[in-house]
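Colleague: Dropping a structure here in structure tokens format, bear with me for questions.
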Amino acid sequence: MPGRNLPQLYRFCVLITGDGAKAQEVFQDTVREAAFHSANGEPPPDRYWFFREARWRCHALAEKEAKPEEMAHRTADLAPKAKEQIERLEPNQLASWISAAPEPQRSAMALYYLNQFSYREIMAILEIKLSVLAQALDLGRREFQAWLDTTVPAE
Amino acid sequence: MRKGLRTLAACAPVDHDLAKERRMRTAIARAKNSDAFAAQQNFDRAITKLVRATDVPPTIAEWFANEKLAEGTKRSIFRTVFHPAILATAFALAVIAVIAWLKFDEQVHAFPGLSVAKHLLAQASTTRIVDLPPVQAEAGAMGDFFLMKHRLNHYDVPEEFAQFLTTGARVYDDDEAGRVGQIAVSEKRMQYFLFPARRDSKSGQPEEFSGWRTLEQDGWSGAVRSKNGVIFMAVLRGPEKELAPYLKVPPSH
């Protein structure tokens, strides 16, 4: 998708970190690193490189901070009015929720909802199997639906 | 729906243009009529829309000028060819090809009695021709000489080498070759060897081959032919090509 990679990279950073300032830092460091490699005659081979690099930078950033306590999330079947519930959310609420998810669910959801990569590309970027990806997305949807029901109940 | 397709449907893209693979398109087509899949797609579409609504601050938008960088670069053919992994693979394939060729070449040159021929070729290189009992005759007549004097039947010199004059000849027993007739001729200081062909262990018949075969070892060359259970080998010092003019029919390789 020519011309869409860097905006999507920034959104990816926002979804993974859940914080605009951190996303900005990771985004800029990643592009700077790519420029450095290019200047040394070894430019990034493809767009996936940016997402892999940004992902590891986000992880490194998260390692430095206190980890939130892992809780068992409730799940719920996708509601017919989920669309209306989601429309009442702000993008940063979604980012906060995704960034709090465990790996690989967090990265899988972030890449998937960019709506830019096929499932094979996501598998390649995250180096996971199809079953793991499918489970991460399925569980992520149902957990997010349960959270929606609590945060923005259907009217 | 089968489990595999159900798994794929869980990863079905919101934008169906991303479903380039046939299996994914099949999974979507199968799941299309189910309520659960419709709910999933509505849910995913709404979240995708929310993600797209994420604000991009102007300080970040300035960096989008580097978009070309993110499209990736194609590795040039030169860089690809000289990549260490490619070089190592090419080298390994070359070694395998050389070994395979040597094995193939060895098989092509192989003939019954090859090991004995090599053994006698080594003997030829250490033989002092002047030490052979002198016999002066036409090489073609040596068949009668071996038959009359040593009772060796079919120890005949082929017509390609029959016209040369002999300088010496002897018959001796060799551990590997059996009863060997050795002839020295004046032409290029060649030596002829005649020895019994190996016999098949089951049928007892001599293992023969058709036409001339050549071999080379330590700077010496031999042209070998089998007939009537006896193998004839003409030997000279030098490369195989020096024997070629004497052979009416070129060696069979």
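Colleague: Quick one: what pairs do we get from the range B:212-223, first residue buried (at least 23 other Cβ atoms within 10 Å of the Cβ), second among the charged types (D, E, K, R) and assigned to a strand (DSSP E or B), C-beta under 6 Å, 6+ apart or different chains?
Modeller: Close Cβ pairs (under 6 Å, with a partner that is among the charged types (D, E, K, R) and assigned to a strand (DSSP E or B)) amount to B:Trp212/B:Arg225.
Colleague: So is A:Glu65 farther than 26 Å from A:Met123 by Cβ and either free of Cβ contacts under 8 Å to residues at least 12 places away in the same chain or surrounded by fewer than 16 Cβ atoms within 10 Å (Cβ to Cβ) (or both) or not? Can you show your working first?
Modeller: Numbers: farther than 26 Å from A:Met123 by Cβ: yes; either free of Cβ contacts under 8 Å to residues at least 12 places away in the same chain or surrounded by fewer than 16 Cβ atoms within 10 Å (Cβ to Cβ) (or both): yes.
Criteria met by A:Glu65.
Colleague: Something else about it: Which condition breaks for B:Gln107 when tested against (1) under 40 Å from the mean Cα position of the chain (by Cα); (2) in contact (Cβ under 8 Å) with a residue 40 or more places away in the chain?
Modeller: Evaluating B:Gln107 over (1) under 40 Å from the mean Cα position of the chain (by Cα); (2) in contact (Cβ under 8 Å) with a residue 40 or more places away in the chain leaves (2) as the failure.
Colleague: While we're here: Among (1) under 17 Å from A:Cys13 (Cβ atoms); (2) surrounded by 17 or more Cβ atoms within 10 Å (Cβ to Cβ), there is one condition A:Leu137 misses while meeting the rest; what is its number?
Modeller: Only one criterion in (1) under 17 Å from A:Cys13 (Cβ atoms); (2) surrounded by 17 or more Cβ atoms within 10 Å (Cβ to Cβ) is unmet by A:Leu137, namely (1).
Colleague: For A:Glu42, indicate whether it is more than 7 Å from chain B (Cβ to nearest Cβ), surrounded by fewer than 17 Cβ atoms within 10 Å (Cβ to Cβ) and assigned to a helix (DSSP H, G or I). Please lay out each step first, then the result.
Modeller: Working: more than 7 Å from chain B (Cβ to nearest Cβ): yes; surrounded by fewer than 17 Cβ atoms within 10 Å (Cβ to Cβ): yes; assigned to a helix (DSSP H, G or I): no.
Here the answer is no, as A:Glu42 does not meet what is asked.
Colleague: If I ask for residues that are at the interface with chain B (Cβ under 7 Å from one of its Cβ atoms) and of a type in the set (A, V, I, L, M, F, W, C), which ones from the range A:118-150 would you list?
Modeller: A:Leu130, A:Leu133, A:Ala134, A:Leu137
Colleague: Among the residues of the range A:79-96, which ones are crowded, with 21+ Cβ neighbours inside 10 Å and either more than 9 Å from chain B (Cβ to nearest Cβ) or closer than 16 Å to A:Asp138 by Cβ (or both)?
Modeller: A:Ala82
Colleague: Now for a separate question. For the range B:15-37, how many residues are more than 10 Å from chain A (Cβ to nearest Cβ), aliphatic (A, V, I, L, M) and either assigned to a loop (DSSP other than H, G, I, E, B) or without any contact (Cβ under 8 Å) to a residue 12 or more places away in the chain (or both)?
Modeller: Within the range B:15-37, residues that are more than 10 Å from chain A (Cβ to nearest Cβ), aliphatic (A, V, I, L, M) and either assigned to a loop (DSSP other than H, G, I, E, B) or without any contact (Cβ under 8 Å) to a residue 12 or more places away in the chain (or both) number 1.
Colleague: Quick check on my filter: what residues within the range B:96-138 are more than 30 Å from B:Ser201 (Cβ to Cβ) and exposed (fewer than 10 other Cβ atoms within 10 Å of the Cβ)? Write out each step before concluding.
Modeller: The initial filter retains those residues of the range B:96-138 that are more than 30 Å from B:Ser201 (Cβ to Cβ), namely B:96-101, B:125-138.
Matches in the range B:96-138: B:Thr126, B:Arg128, B:Val130, B:Asp131, B:Pro133.
Colleague: To continue, here is another question. Does A:Phe50 satisfy being facing chain B (nearest Cβ under 7 Å), touching a Ser or Thr at 6+ places or on another chain (Cβ under 8 Å), surrounded by 15 or more Cβ atoms within 10 Å (Cβ to Cβ) and under 20 Å from A:Leu126 (Cα atoms)?
Modeller: On the way: facing chain B (nearest Cβ under 7 Å): yes; touching a Ser or Thr at 6+ places or on another chain (Cβ under 8 Å): yes; surrounded by 15 or more Cβ atoms within 10 Å (Cβ to Cβ): yes; under 20 Å from A:Leu126 (Cα atoms): yes.
Criteria met by A:Phe50.
For every residue, the table says whether it meets (1) of a type in the set (Lys, Arg); (2) touching a Pro at 6+ places or on another chain (Cβ under 6 Å); (3) more than 8 Å from chain B (Cβ to nearest Cβ).
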{"site": "A:Ala34", "(1), (2), (3)": "no, yes, no"}
{"site": "A:Asp46", "(1), (2), (3)": "no, no, no"}
{"site": "A:Ala76", "(1), (2), (3)": "no, no, yes"}
{"site": "A:Leu111", "(1), (2), (3)": "no, no, yes"}
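None of the figures in this text is laboratory data; all of them are computed from the coordinates on show. All values derive from a computational prediction rather than experimental measurement. Using ideal geometry, Cβ is built from the backbone for each residue, glycine included, and neighbour counts are taken over all protein chains shown.
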